[in-house]
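The values are calculated or read from the model by the stated rules, or taken from the named source; none is laboratory data. Predicted model only: the values in this text are computed from it and were never measured. Please note: Cβ atoms are built from the backbone with ideal geometry, for glycine as well, and neighbour counts cover all protein chains shown.
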Amino acid sequence: MKLKETLLTLMVALIAVLELKTEEAFDAHPITMVTFCVIFAIYGILLLADELVQQPNENDYGGIMPKAILCFGSLGVVILLLTIIPVLGWSLLVLWFFCVAKAFFQQLYDTLRLWLLYQSQQVIHTFVGEMPRRSTPVRQQNRPPV
């Protein structure tokens, strides 16, 4: 079973546990539940987009779709755990935040490193391309006198 399906199954199971624990989850935790609904909707849209738009080469979009699906799916699970078991939920939310921040800054670092490498190659290419070349003097042998 793929991670996407595992997260979806875990969310459905947690929703069932939430229904057993509290009858009116929207009344008890309105902001948390609306946040979960928005996250769940984004997760569903990303799953549909990933299934419908099959890229021939994953490097075309930098592999951001699987990362976004994992990010929103795990956040949905954490938000549900926040509603069911608040202490565990808050702990996992802090851990989730640090993991996402680390992944984001790693991706940003890699992108900036590649951009700087490209810019330095462009500068070197421009400098070498515009540099006047030394021409070798033509020998004056076999030239008739003037």
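A few notes on this one:
- Condition broken by GLN122, with the remaining ones in (1) modelled with pLDDT under 90; (2) under 16 Å from LEU7 (Cα atoms) satisfied: (2)
- Reported count of residues in the stretch 1-57, each being touching a residue at least 60 places away in the same chain (Cβ under 8 Å) and within 26 Å of the chain's Cα centre (by Cα), is 7.
- Under the condition of being modelled with pLDDT under 80 and polar (S, T, N, Q), the residues counted in the stretch 1-60 number 5.
- Residue in the stretch 62-81 that is over 23 Å from LEU8 (Cβ atoms) and modelled with pLDDT under 90 present: yes
- Each residue in the stretch 71-93 was checked for being aliphatic (A, V, I, L, M), assigned to a helix (DSSP H, G or I) and surrounded by fewer than 17 Cβ atoms within 10 Å (Cβ to Cβ), and 3 pass.
- Residues that are assigned to a helix (DSSP H, G or I) and exposed (fewer than 12 other Cβ atoms within 10 Å of the Cβ), drawn from the stretch 1-25: GLU5, THR9, VAL12, ALA16, GLU19, LEU20
- Within the stretch 94-109, the residues that satisfy the criterion of being surrounded by 11 or more Cβ atoms within 10 Å (Cβ to Cβ) and within 15 Å of the chain's Cα centre (by Cα) are TRP96, PHE97, CYS99, VAL100, ALA103, PHE104, GLN107.
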